[in-house]
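Notes for the one structure printed next.
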Amino acid sequence: MLLHTRLYDVSYFLLLLHCRAHAGLKLLSGARLPPGRPTLRHYTPRRAVLYVPGSDERKITKALGLDVDCMVLDCEDGVAANKKKEARETVARVLSQPQRPRVRGDLAVRVNAVSTGLAGDDLQCILASSHLPSTLLLPKVEDADQLDWVRDQVERALGNRQHRLELIVCVETALGLLNCQRLLEHAAATAARLRLQLAGLLFGSDDFTASIGARRTREATEVLMARQQLVVLAKAFGLQAIDMVTIDFKDEELLRRQCAEGAAMGFTGKQVIHPSQVGPTQEAFAPTPAQLDRAKRLVHEFNQHQQQGKASRECESMLGWHQLFTHELPLMLCCCLLPGCFCFRRQHDRYAERATSPQRCGSGPGHSWRGFFGKIKRPTPLSFCLKMCWVCLFVGQCFDYRLWMWVLEHHIHSGSAHVFLEENLEER
């Protein structure tokens, strides 16, 4: 039993030593964030995502002049089954027009789902046009194989053209929602070498309710859990989250209520199907003047106090305590569990000493301790040295973690975040 106890100490000692060495090497190599973590990059606003039938060139021409963040030329649900070919050819022709109106926001194309067998023709036709869209919407994605297939098709269609596309994955089935995390992990692991970059998740409420057999209600409580789960997945991987469509475009009160609800849940935008829905939707998902003023004040205070070498009271209360309770405290508690093993072992030894003392031998409660723990001797110098090493390593681990937090804060707050707030938010 004594040998087992000492081997237990040595094994955990070596394990923690290995972890500290690994952390040190990662710090020396640049402290890169692990795959799947949110990263700062160019942000394309998509507060309102307007669908326009790809088979109707007249509607497309009118919609090109709208002040909408993202306009989607639709080849999927907005097009009848017998007009799919006409829709993809019309979209390609509109994209190739040199004199077409310039779109203020993001110009996207929604192709048909991979499972329909039409996605290949859509991609080949659309990506052969002289002017390419900036974003693709892929509907009814259910597994990573479909995503890989689309990426291969895009790479083959683009050829030598130096053009990067953003991809919005549409989650519209129960299976797609269940597999979404694995799909995002796979996409994050393979993103660096491809020209099709994942930018957001979109929730298709009508197809989703059909896949689970739910009944649509005005309050939309039947899709509340799915919407919340999609927001969590999107934000965990640094992606945009686009909310469901309000089908009744004439009900402005319902639209505004769902917009406010979606914005409060964490969605960054909402799908719309009529031009009258664009204004209220973009207003609901835009920062208010009070939020802009506070953001500018925080950026100014943060820069000013960082130059002076001290933190502002407001920034400290917003950042420091938030990080303490959401990131630092759980990790510190996990680190404390390891020294807690030694506290338990010390109490364990104390009980064992009492159990093996002459006063506790014989019949009585002492036999229970002796029978359970066995005969354990007093701590040896080796045990004492190992425990001291544990304490030193624990303190060093805390220091390593503080250094990690400093590196992460440096990545988050150095330059790009400030430029984003000062330049992009001003335009909104």
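The values are calculated or read from the model by the stated rules, or taken from the named source; none is laboratory data. Predicted model, so just to flag it, every value in this text is computed and none were measured. Glycine also receives a Cβ, built like all others from the backbone with ideal geometry; neighbour counts cover every protein chain displayed.
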Tabulated pairs, region 164-185, first free of Cβ contacts under 8 Å to residues at least 40 places away in the same chain, second small (Gly, Ala, Ser) and in a helix (DSSP H, G or I), C-beta under 7 angstrom, 6+ apart or interchain: 173/211; 174/211; 182/144
query: Based on what the data block shows, is residue 154 surrounded by 15 or more Cβ atoms within 10 Å (Cβ to Cβ), more than 24 Å from residue 183 (Cα to Cα) and at pLDDT below 95?
result: no
- line: Looking across region 201-219 at residues that are out of contact with any helix residue (DSSP H, G or I) (no Cβ under 7 Å at 6 or more places or on another chain) and touching a residue at least 40 places away in the same chain (Cβ under 8 Å), the single one that is nearest to residue 150 (Cα to Cα) is 202
Conditions (1) modelled with pLDDT of 90 or more; (2) over 22 Å from residue 111 (Cα atoms); number of the one not met by residue 74: (2)
- prompt: Could you count how many residues in region 193-222 are crowded, with 21+ Cβ neighbours inside 10 Å and in a helix (DSSP H, G or I)?
  reply: 2
- line: Of (1) crowded, with 17+ Cβ neighbours inside 10 Å; (2) farther than 19 Å from residue 130 by Cα, residue 92 fails just (2)
statement: When residue 46 is run through (1) of a type outside the set (Asp, Glu); (2) part of a loop (DSSP other than H, G, I, E, B); (3) modelled with pLDDT under 90, the failure sits at (3)
query: Only one of these conditions is not met by residue 137: (1) hydrophobic (A, V, I, L, M, F, W, C); (2) in contact (Cβ under 8 Å) with a residue 60 or more places away in the chain; (3) farther than 14 Å from residue 196 by Cα. Which number is it?
result: (3)
message: Restricting to region 291-311, and then to whatever is small (Gly, Ala, Ser) and surrounded by 14 or more Cβ atoms within 10 Å (Cβ to Cβ), can you tell me which residue is modelled with the highest pLDDT?
response: 295
Tabulated pairs, region 108-129, first more than 14 Å from residue 172 (Cβ to Cβ), second of a type outside the set (A, V, I, L, M, F, W, C) and in a loop (DSSP other than H, G, I, E, B), C-beta under 6 angstrom, 6+ apart or interchain: 108/133; 109/133; 118/112; 119/112; 122/112
field: Condition met for residue 172 (closer than 30 Å to residue 258 by Cβ and modelled with pLDDT under 95)
entry: no
- line: Going through region 274-290 in order, the residues found to be assigned to a loop (DSSP other than H, G, I, E, B) and either acidic (Asp, Glu) or buried (at least 19 other Cβ atoms within 10 Å of the Cβ) (or both) are 285
query: Which of the residues spanning region 96-115 are closer than 17 Å to residue 149 by Cβ, over 25 Å from the mean Cα position of the chain (by Cα) and surrounded by 15 or more Cβ atoms within 10 Å (Cβ to Cβ)?
result: 112
task: Could you tell me whether any residue of region 239-256 is touching a residue at least 60 places away in the same chain (Cβ under 8 Å) and surrounded by fewer than 16 Cβ atoms within 10 Å (Cβ to Cβ)?
output: no
message: Quick check on my filter: what residues within region 181-212 are at pLDDT below 95 and β-branched (Val, Ile, Thr)?
response: 190
